[in-house]
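Novice: Before we start, here is the structure in question, set down as structure tokens.
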Amino acid sequence: MKTIKVSVVTPDGPVYDAEVEMVSTKAKSGELGIMAGHIPMVAPLQIGSVRLKNEGRTDLIAVNGGFLEVRPDVVTILAQTAERAETIDLARAQAAKARAEQRLQDSTDAVDAKRAELALKRAVNRINIAERNF
Ligand code: ATP
């Protein structure tokens, strides 16, 4: 099967580089599946997962926003943060989730509540990806 190169990059550096058969993720506009030969495009991403399929295996990455760009020979994902499933610190994500839930309960300020909501989404996403149920 034809493959396409995928690079996942964050401000801290590259997180993933490989040739894959298919990239799947949820963009703001809906579910995306990209294979070799896909038309060039740019799409904003949400807090969610990127699934990379090659030769019967699926690599999973937790991403926090950013953009996906499809060019003829490469898919680039530029995200604020990105972690491969196997590098996620589950205890840290669980602690972040508990902190965010507490802040949501305590907050009287809309800005604080919004920040806590986003922190909660990042933590739940990391937990789901580390546990591979999404
Ligand atoms: P925390 O409160 O635990 O820092 P956060 O959602 O505020 O969580 P971010 O600001 O999204 O953290 O990320 C800061 C850095 O820490 C990034 O490099 C990110 O990849 C990394 N990171 C955050 N949480 C985890 C985790 N559970 N496992 C591995 N790396 C993580």
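Any read-out appearing in this document is the output of simple, stated calculations on the displayed coordinates, not a laboratory observation. Worth saying up front: this structure is predicted, and the values here are computed from it rather than measured. Glycine gets a Cβ as well: all are built from the backbone with ideal geometry, and neighbour counts include every protein chain shown.
Novice: Students often get this wrong, so check it: of Lys5/Lys26; Lys28/Lys53; Lys53/Lys114; Lys26/Lys97; Lys2/Lys28, which have C-alpha atoms separated by over 24 Å?
Specialist: On the way: Lys5/Lys26 19 Å; Lys28/Lys53 21 Å; Lys53/Lys114 34 Å; Lys26/Lys97 22 Å; Lys2/Lys28 27 Å.
Correct reply: Lys53/Lys114; Lys2/Lys28.
Novice: Let me ask another. Relative contact order (percent) for segment 1-114, with alpha-carbon contacts under 8 angstrom and 6 or more residues of separation?
Specialist: Averaging sequence separation for qualifying contacts and normalising by length gives 23 percent for segment 1-114.
Novice: Taking the number of other C-beta atoms within 10 Å as the exposure measure, put Glu69, Glu131 in order starting with the fewest. Before the final figure, lay out each step's value.
Specialist: On the way: Glu69 15, Glu131 12.
Listing Glu69, Glu131 from fewest to most nearby Cβ atoms yields Glu131, Glu69.
Novice: At 222 nm, what helix-only mean residue ellipticity would the chain give, in deg cm²/dmol to the nearest 500, using -39500 (n - 2.57) for each DSSP H run of four or more? If you can, show how the numbers build up before the last one.
Specialist: On the way: 2 runs with 38 residues, N = 134.
The per-residue figure over the chain is -9500 deg cm²/dmol.
Novice: In nm, to one decimal, how far is the modelled label at Leu104 from the one at Met35, with both set 7 Å along Cα→Cβ?
Specialist: 3.8 nm
Novice: Here is a follow-up. Hey, what's the Kirkwood Rh for segment 33-95 if you take every pair of different alpha carbons, in angstrom? Please list the in-between numbers first.
Specialist: On the way: mean 1/r = 0.0774 Å⁻¹.
Evaluated on segment 33-95, it is 12.9 Å.
Novice: At a 10 angstrom cut-off on C-beta neighbours, averaged per residue, how do the peptides 116-124, 85-93 rank from highest to lowest? If you can, show how the numbers build up before the last one.
Specialist: On the way: 116-124: 17.8, 85-93: 14.0.
Most protected by this proxy first, the peptides run 116-124, 85-93.
Novice: Over the Cα atoms of the chain, each weighted equally, I'd like the Debye log10 I(q)/I(0) at q = 0.19 Å⁻¹, rounded to two decimals.
Specialist: -1.04
Novice: Rounded, prolate or oblate: which one fits segment 66-134, using the alpha carbon gyration tensor with axes a ≥ b ≥ c (rounded when a/c is under 1.5, else prolate when a/b beats b/c, else oblate)? Can you show the working numbers first?
Specialist: Working: a/c = 3.62, a/b = 1.64, b/c = 2.21.
Oblate.
Novice: Could you work out how far apart the two model spin labels at Ser7 and Glu19 are, taking each label as a point 7 Å from the Cα in the direction of the beta carbon, and quote it in nm?
Specialist: Rounded to a tenth, the inter-label distance reads 1.7 nm.
Novice: Rounded to two decimals, what is Rg over Rh for segment 1-73 when you use alpha-carbon atoms and the Kirkwood radius?
Specialist: Result for segment 1-73 is an Rg/Rh of 0.92.
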